[in-house]
1. Apply the Karplus parameterisation 6.51 cos²θ - 1.76 cosθ + 1.60, with θ equal to phi minus 60°, to every residue of segment 154-160 and state each ³J(HN,Hα) to the nearest whole Hz, in sequence, with x for glycine and proline.
2. A 30 angstrom limit on the alpha carbon distance is what I want to check against. Which of LYS139/LYS169; LYS18/LYS103; LYS18/LYS110 exceed it?
3. Can you give the extra length, in nm with one decimal, that the chain gains between PHE89 and ILE15 once fully stretched, where that is 0.36 nm per residue apart less the Cα-Cα distance?
4. May I ask for the angle, rounded to the nearest 10°, between helix 48-61 and the longest principal axis of the chain, with both axes built from Cα atoms and the value confined to 0 to 90°?
5. Is there a quick way to get the dipole size of the chain? I mean about its Cα centre, with the Cβ of Lys and Arg at +1 and of Asp and Glu at -1; what is the value in debye to the nearest 20?
6. Once both labels are modelled 7 Å past Cα along the beta-carbon direction, what's the ILE151-ALA81 spacing in nm?
7. Taking Cα atoms of segment 2-172, Rg/Rh with Kirkwood Rh, to two decimals?
8. Could you calculate the FRET efficiency of ILE132 with ASN3 from 1/(1 + (r/R0)^6), where r is the beta carbon distance between them and R0 is 45 Å, rounded to 0.05?
Amino acid sequence: MKNIYTKVHDFWFQIPEKIRFVFIGGFNSLVSFVMFVFLIHFFAQFFVDDTTRLYNYIRIHHIPVLEHISFIQFIRQFSLALAWLLSSFVSFTTQRLLVFRAKGQASILKQYIKCLYTWFIGYLINAITLEIFAYIFEKIDLFPTVIETDIAQAFALVFSAISTYVLFKYFAFRKKKQHNSNNEII
């Protein structure tokens with residue numbers, strides 16, 4: 001059994017990092033997308049009255065900027081935020097171990113905090129592109145709004161995945177440069 005694990009491990013880490021990121025990032029995006037689709041349909045079907053009350057309460061009493069945000073935009077963004085939050089644990093673990101091979105127990109919290117910054121930026125990119133694509137699909141009006149939202153999120157994930165890779169590679173899981181005895185970077 002250990003021999004099989006070693007072969008799979010060795011094979012996996014012979015794959016270039018960018019390709020591993022595509023595979024693992026694709027898996028993480030799928031997890032996030034499934035959560036998003038589940039949540040948006042869940043809120044739209046089962047909690048539309050409660051969500052409407054929450055939206056109206058927040059809009060009227062606490063965040064006046066929501067006056068300019070439609071209810072479906074609120075549901076999209078609420079579902080997106082929850083999906084990103086829930087999927088962050090899966091993403092952190094898989095990216096850390098299977099893509100960037102980050103090591104050390106002491107740095108886990110520091111890396112997770114850096115990942116939170118990365119995800120926040122990725123979330124903002126996702127949120128903005130989601131609204132742009134949703135607006136485009138709503139103007140085309142081929143499908144029900146919820147389905148158009150699902151399609152818009154699939155497109156938005158591409159933009160957030162690219163930005164997330166760059167931020168993970170050069171910020172969250174950046175490896176310290178090692179120097180040899182001649183002070184050359186290796």
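1. Karplus values, whole Hz, x for Gly and Pro: 4, 5, 5, 4, 4, 5, 6.
2. Going by Cα-Cα distance, LYS139/LYS169 fall outside the 30 Å limit.
3. Separation in residues times 0.36 nm, less the Cα-Cα distance, equals 24.3 nm.
4. Once rounded, one gets 90 degrees.
5. Charge dipole of the chain: 1280 debye, to the nearest 20.
6. 2.8
7. Numbers: Rg = 18.4 Å, Rh = 17.5 Å.
Over the Cα atoms of segment 2-172, Rg/Rh equals 1.05.
8. Efficiency, from the Cβ-Cβ distance: 0.35.
Throughout, read-outs are computed from the coordinates displayed, never taken from laboratory work. Values in this document were obtained by computation on a predicted structure and should not be read as measured data. Cβ: placed from backbone, ideal geometry, glycine included. Neighbour counts: every protein chain shown.
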